[in-house]
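Input: a single structure, listed below in C-alpha cells.
The values are calculated or read from the model by the stated rules, or taken from the named source; none is laboratory data. This structure is a prediction, so every number in the text was calculated from the model and none was measured. Using ideal geometry, Cβ is built from the backbone for each residue, glycine included, and neighbour counts are taken over all protein chains shown. Side chains are part of the model used for accessible areas, which takes the heavy atoms of the whole protein and leaves out ligands, DNA and RNA. Shrake-Rupley method; radii C 1.70, N 1.55, O 1.52, S 1.80 Å.
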Amino acid sequence: GGGDPSRFASGIDPFDVPETAGGGGGGGGGGTSRDADGPLSPMSRISRRPPTVPPGAAPSPGGPDPRLLATLSPSEGSVLTLRFSPTGRYLAAAGDDSYVHVYARSSSPSLASGNLVGGGGAGGHEDVEHWRRVAVGRGHHLDVVGLAWAPGDSHLASCSLDSVCPIVVWRLYDVLGEDGGGAGSAAALVHNLSPFKVLGREEHTSTVKGVAFDPAGKYLASSGDDPAVCIWRAEGDWGLEARVDASSGVFRSGKSRRKGGKSDGHGAQYEDPADLSSLSLFRRISFAPDGTHVCGTNATLRGKNIAAMISRDGWAASGPAPGRGEDGGPAGAPPGAANLVGHRQPVVASRHCPVLLTAPRRLGRRTRSGSATSSTSGDSSAEQADGDPDSLPEYATLVALGDKQGLVTVWSTRRTSPIFKLQ
C-alpha cells in the first residue's frame, strides 16, 4: 500500500481499537482519513476525519472538514464487524445475516442491492464517495463476529458463532484481480465467494469470536470460548500449528472440579454461569506489528482478568509457575510472552498500533527515593534481558485493551504499567 495511512475500521464493540491501513489504491489521498463504523443497524458509514494537528500548530485553513462520505447497507440485520484491507482498496463488513460483504471504491454510484446512493448522509446529503459491493461470501450459518485481512489483500478470514463453519478463509486475489474486480465500474458484477478453507471444526470446542493474521501473513490466529487460541499455518494445508488453552494457565477452564458444581450428566462438572463472566460476544485478538506475539483476550491468571501476550517462540504463554511473579514472569517465561494485569473486568478487545516506535535501548524509571532503576516490561523478554542490554530491541510496540465495563488502557512493551487509561 504505502501512501496515506488513512483508514481504520471498527465493529460494534466500542472498545475495538481501530486498525490502520495504507491508502494504496483505495483513493482518498491528500492526508485525509476515513472511518468506518457499524452500529447495531443495517447501515455502515464511511467518514472523513482531518489529519492530526501537532500541539501548538494551527490547523490548515484549506484542510478537509470531518464529514460523512458514504452510507452502505451491507446486510439486512446488524453490522457486527468491519475491516478495511491493508492496502485500503477494500472494506469488508459482516453481521448477523451470516454473509461477508466486500466493498471497493467506485467512480460512479450503483443501484445494486446493498449500495445506498445519496440520502444516507447527515441531513440527507448526497454521498461524496461511492463504494459498491464487489463480492459476497456465503458459507457461515450464524452471526459473523470477526474479520481479518491477510497482507496484500490476498485472503480474508471470518469467524462465526456456528459450529459447522466456525472459521472461513476466503481467497480473493484470484477473484478480484489486479483491477479490484472491476470496482471502477458501477456495472461490474458482484462475485459470489465460496469458502477456500474451513477451519476449527474439531480444534475449537466452542464458538470462535476473534481472528487475526500475523504481519507476515504466515499464520492466522483464532480465539474461542473453549477457551483457547489456535494458531493456523496460512499456507499449504492451512493446518493447526499450535493450540494455547487452559493448560497454559492463562485461560479459565469451563469445567470445574469443585464439589457441588453442575453436572452435564456424564460426570463432568461445570462452573455456575455467574462464574463465566468472561464470556462476551467478541474476543478481539491482535498480532504485534513485529510479529513477536499475539495478544489473547478474556484471559485470567490467579483469578485476575488479564490480556495474555502469547509468544511466537513456541506459541507459549507466561502462565503461573514456581519462581514466577504475579504476572507469570520473568523466570522461565518464553521470550515475548507477558501478562497485562490491571483490568477488573474481562478484557474483550485488543488492538496493536501498526507503527513501531523508537525507544532507548535501556529505559529507566524513578523510584520514590529518586534513584533510577532499570525498567522492567510487561514484555517478559525485556525482563529477562536486564543483564543483557543488547538483547533489547531499539523500538517499542503499543497495544490498547478494552474491557466489558468500558475501561480502555494503552500499554507499551517497555513499561510494566499502562501509559494511558480512559473510562
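Taken over the range 206-225, the criterion of being buried (at least 18 other Cβ atoms within 10 Å of the Cβ) and either farther than 21 Å from residue 286 by Cβ or aliphatic (A, V, I, L, M) (or both) is satisfied by 208, 211, 212, 220, 221. Among the residues of the range 324-333, some residue qualifies, meaning at least one is basic (Lys, Arg), over 16 Å from residue 222 (Cβ atoms) and either modelled with pLDDT of 90 or more or crowded, with 18+ Cβ neighbours inside 10 Å (or both).
Among the residues of the range 227-241, just one is more than 16 Å from residue 150 (Cα to Cα), under 19 Å from the mean Cα position of the chain (by Cα) and surrounded by fewer than 23 Cβ atoms within 10 Å (Cβ to Cβ), namely 228.
A single member of 380, 417 is modelled with pLDDT under 85 and either over 28 Å from the mean Cα position of the chain (by Cα) or surrounded by 12 or more Cβ atoms within 10 Å (Cβ to Cβ) (or both), and it is 380.
Annotation: of all residues in the range 165-205 being among the acidic types (Asp, Glu) and modelled with pLDDT of 90 or more, the one that is most open to solvent (accessible area, probe 1.4 Å) is 202.
The residue that is modelled with the lowest pLDDT, among those in the range 111-132 that are open to solvent by 30 Å² or more (accessible area, probe 1.4 Å) and in contact with a Pro (Cβ under 7 Å, 6 or more places away or on another chain), is 117.
All of (1) modelled with pLDDT under 95; (2) out of contact with any Lys or Arg (no Cβ under 7 Å at 6 or more places or on another chain) hold for residue 106 with one exception: (2).
Residue 266 meets all of the listed conditions (1) modelled with pLDDT under 50; (2) not in a loop (DSSP other than H, G, I, E, B) but one, namely (2).
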